[in-house]
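The structure appears below as structure tokens.
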Amino acid sequence: MQQQENQKFQELIEQHKGILIKVARTYCQDPEDRQDLIQEIMIRVWQSFHKYDDTFKISTWLYRISINVAISFYRKNVLRKFRNIPLHNQEEPAEGVEMYDTEQQLNLLEKFINELKELDKALLLLYLEEKSHAEIADILGISTGNVGTKVGRIKDKLKYRFSKNKNN
Amino acid sequence: MKELWQSSNTKLEEVITITRKNTEDITRLKVNHFLSSMKPLKIFTVLAGFIWVGFGTVILINIITFHFSQASLFFLLSAGVQILLTAIALIIYIYQLIVIYQVDMGGSVVATQEKLSLLKSSTIWIARILFLQLPLWTTFYLNESIFSNGQTFLHIIQAIVTFAFAYLSIWLFFNIKYENKDKKWFRLLFAGKEWTPIIKSLELYREIEEFKKEKVYFPA
């Protein structure tokens, strides 16, 4: 019985490790913190494994645990963010450069995410992952109408940020 | 933007590996019991609280039972209220630790974070209650002979100190709140890193309240 449970857990993590990695990437810039956060999420998933309610999609449940752990983890490690070692170089693009290459756009996106508040980070992550408004509402626990409003606002901010940097 | 994000995630998934050994190690973890989930500092705080309240209660009961006629009422009252306030703070602290431990992380993000941040920020209440003890530290050593034999000058100093501490404790009780978190005295009082998650919880709670509000959106 226990063996079966262990096997199920290992398969679950193997199939959905992308969710854990994406959440860790959204909330932690420091690679060491990121690894710690993934470990912490896996522990909480294992501890809550028996509580899984199958009326929800497994991905919804995993996103909920991962984001909840990430926000709590971030709160505990709030001081560590000041010694971030970013995954990508986060410098602003040099003056006179007309075109952004992929790397620069990614840097800008990561910088933008990093500046967002905790819940907005979760919202943008789910939007970028192309989750439907209904699924985002399920994960976050707000109405679909509210999701639409907040996604619209965050998209505008994102557009503004990119166009501002392009013009500079 | 979505494509960019997703393609970079694929790269990241190749770099960060979660090995079978990682997951196997986790499945070997026993069910996390409340006590084993507590950090050493929290265990120390609870133990120190228990010893203080227990020790104080035993001494007070002993004095009341066997030496009541010789005891100073000032001491009995000051020590009694001090122990009572510490016991209330300790009960709130333990209750809070148990409820935080029981929170289901699989719940929706807003509801779970709201519960967690509200519970964590209630630690501020513990600080407010403990500050109420301040004037008691200026009265426990008083006795009747001080009043009958002491000098007026010393009585005046005693009254000033006691009233100043009483005023300060009441002022702190009403002013230790989120709205004052950026004030200099507040930051000085809650400067240690153990307070950082509490202050962060207060901020997050406000953020959640704001996040839950539905507002009309006008596209740019």
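For the range B:9-31, which positions are under 16 Å from A:Gly18 (Cβ atoms), among the hydrophobic types (A, V, I, L, M, F, W, C) and within 7 Å of chain A (Cβ to nearest Cβ)?
The answer is B:Leu12, B:Ile16, B:Ile18.
Can you name every residue in the range A:22-52 that is β-branched (Val, Ile, Thr) and buried (at least 16 other Cβ atoms within 10 Å of the Cβ)?
A:Val23, A:Thr26, A:Ile38, A:Ile41, A:Val45
Name the one entry in B:Ile98, B:Ile91 that is within 23 Å of the chain's Cα centre (by Cα) and over 27 Å from A:Lys51 (Cα atoms).
Answer to the check: B:Ile91.
Could you pull out the residue among B:Phe153, B:Phe147 that is surrounded by 11 or more Cβ atoms within 10 Å (Cβ to Cβ), farther than 26 Å from A:Ile71 by Cα, free of Cβ contacts under 8 Å to residues at least 40 places away in the same chain and aromatic (Phe, Trp, Tyr)?
Step by step, each of B:Phe153, B:Phe147 is checked, and only B:Phe147 is surrounded by 11 or more Cβ atoms within 10 Å (Cβ to Cβ), farther than 26 Å from A:Ile71 by Cα, free of Cβ contacts under 8 Å to residues at least 40 places away in the same chain and aromatic (Phe, Trp, Tyr).
For residues that are aliphatic (A, V, I, L, M) and at the interface with chain B (Cβ under 9 Å from one of its Cβ atoms), scanning just the range A:138-150, find the one that is farthest from B:Thr10 (Cα to Cα).
A:Ile142
Does at least one position in the range B:89-98 carry a residue that is in contact with a helix residue (DSSP H, G or I) (Cβ under 7 Å, 6 or more places away or on another chain), within 22 Å of B:Ala71 (Cβ to Cβ) and touching a residue at least 12 places away in the same chain (Cβ under 8 Å)?
For the range B:89-98, residues in contact with a helix residue (DSSP H, G or I) (Cβ under 7 Å, 6 or more places away or on another chain), within 22 Å of B:Ala71 (Cβ to Cβ) and touching a residue at least 12 places away in the same chain (Cβ under 8 Å): absent.
Report, by residue number, each residue of the range A:132-165 that is charged (D, E, K, R) and surrounded by 19 or more Cβ atoms within 10 Å (Cβ to Cβ).
Answer for the range A:132-165, where residues must be charged (D, E, K, R) and surrounded by 19 or more Cβ atoms within 10 Å (Cβ to Cβ): A:Glu135, A:Asp138, A:Lys150.
Restricting to the range B:172-184, name every residue that is surrounded by fewer than 12 Cβ atoms within 10 Å (Cβ to Cβ), assigned to a helix (DSSP H, G or I) and at pLDDT 90 or above.
Matches in the range B:172-184: B:Phe174, B:Lys184.
When residues of the range A:9-37 are filtered for being more than 7 Å from chain B (Cβ to nearest Cβ) and assigned to a helix (DSSP H, G or I), how many remain?
Counting residues in the range A:9-37 that are more than 7 Å from chain B (Cβ to nearest Cβ) and assigned to a helix (DSSP H, G or I) gives 18.
Going by the structure shown, is A:Arg44 charged (D, E, K, R) and more than 7 Å from chain B (Cβ to nearest Cβ)?
no
The values are calculated or read from the model by the stated rules, or taken from the named source; none is laboratory data. Computed from a prediction, not measured in an experiment: that's the story for all the values here. Neighbour counts are summed over all protein chains in view; Cβ atoms, including those assigned to glycine, are modelled from backbone coordinates with ideal geometry.
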